[in-house]
Each structure stands twice: as structure tokens, then as C-alpha cells.
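J.: Below is one structure. I have some questions about it.
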Amino acid sequence: ILFNLEKIKILFVEDEEKIRVNIKEAIGEEFASFDTAYDGVNGLDKYIELQPDIIITDISMPNLDGLDMANEIRKISLTVPIIILSAFSEKDKLFKAIDSNVTKYIVKPIDVDELLEVISDF
């Protein structure tokens, strides 16, 4: 079911260190690279530096939230898949995610099997 993941470069942006570490440990080895960033500013810098194939980002983060980071990335690339992770289920966040041209929206808590399935769809 999951094929060619080992060719994909992932950037995972999440301000909660425990989640960042757990997800990287759970699925990081499936990919060519699995880099992490701790907020939207760091994520944007790493996106420019590393040119990952897929971005997975939380919404609520200090300095620059995931949706604002997605908007900045969209100024650089209209095609890179951006997967938003969020505990939010409010409609305004979903609409803002749609406006940011995000590719997928996953509600936390993160199910790694679901995440891998979403990634393998690209």
C-alpha cells in the first residue's frame, strides 16, 4: 500500500516537542529525509533551505502559525503538498486552511497510519 515513501522528503512543523519527536520516531525512517521545525518562521526557513516534497504542519504555533506559513510557502510554490494538523474543528480555521490552498487537513490527535496513508496519496 505504501510505496516510494523512501524517495520523499518531509518537513514536519510542530511547536510541541513531544509530538515532533514522537512522529519523527514513529515514521521518520520511512522517508528519504524527515526534517522538523519548531514554529512557522523556522518552518519557512527550512522549506526554503531543504525544498521538501511534502510539508506537514500544525496550525497553532508561536511567531508564525501554520496557515500563515502555508500562505508564505504558496508565494514560492503553488504545488508542494501542505498537510495541516490541528486540534481545531472550528469552521473558520477550516475555511482559512482552504483559503491557504492547503492540500489536506487532519484533526489531532495524529494517527500515524492515517498520516502515512495521506502522504502516500501524493
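The values are calculated or read from the model by the stated rules, or taken from the named source; none is laboratory data. Please read these numbers as outputs of a predicted model, since none were measured by experiment. In this analysis, Cβ positions are derived from the backbone assuming ideal geometry, glycine residues included, and neighbour counts consider all displayed protein chains. Protein only, heavy atoms only, side chains kept; ligands, DNA and RNA dropped before computing areas. Shrake-Rupley method; radii C 1.70, N 1.55, O 1.52, S 1.80 Å.
J.: Looking at 78, 44, 85, which is the one that is over 13 Å from the mean Cα position of the chain (by Cα) and on the phi < 0 side of the Ramachandran plot?
T.: 78
J.: May I pose another question? Give the number of residues within region 76-103 that are under 14 Å from residue 51 (Cα atoms), of a type outside the set (Val, Ile, Thr) and free of Cβ contacts under 8 Å to residues at least 12 places away in the same chain.
T.: Of the residues in that region, 1 qualify.
J.: In region 5-32, what residues are open to solvent by 30 Å² or more (accessible area, probe 1.4 Å), over 13 Å from the mean Cα position of the chain (by Cα) and either among the small types (Gly, Ala, Ser) or more than 20 Å from residue 109 (Cα to Cα) (or both)?
T.: Matches in region 5-32: 6, 7, 26, 29, 30, 32.
J.: Still on this structure, please answer the following. Please enumerate the residues belonging to region 67-89 that are polar (S, T, N, Q), farther than 19 Å from residue 17 by Cβ and either in contact with a Pro (Cβ under 8 Å, 6 or more places away or on another chain) or not in a loop (DSSP other than H, G, I, E, B) (or both).
T.: 71
J.: Return the residues of region 41-66 that are touching a strand residue (DSSP E or B) at 6+ places or on another chain (Cβ under 7 Å), open to solvent by less than 50 Å² (accessible area, probe 1.4 Å), aliphatic (A, V, I, L, M) and not in a loop (DSSP other than H, G, I, E, B); say none if nothing qualifies.
T.: Listed by number, the residues that qualify are 54, 55, 56.
J.: Got at least one residue in region 93-102 being in a helix (DSSP H, G or I), closer than 22 Å to residue 19 by Cβ and in contact with a strand residue (DSSP E or B) (Cβ under 6 Å, 6 or more places away or on another chain)?
T.: Within region 93-102, one or more residues are in a helix (DSSP H, G or I), closer than 22 Å to residue 19 by Cβ and in contact with a strand residue (DSSP E or B) (Cβ under 6 Å, 6 or more places away or on another chain).
J.: Take region 69-109 and flag every residue that is crowded, with 17+ Cβ neighbours inside 10 Å and among the β-branched types (Val, Ile, Thr).
T.: 73, 80, 82, 83, 84, 102, 103
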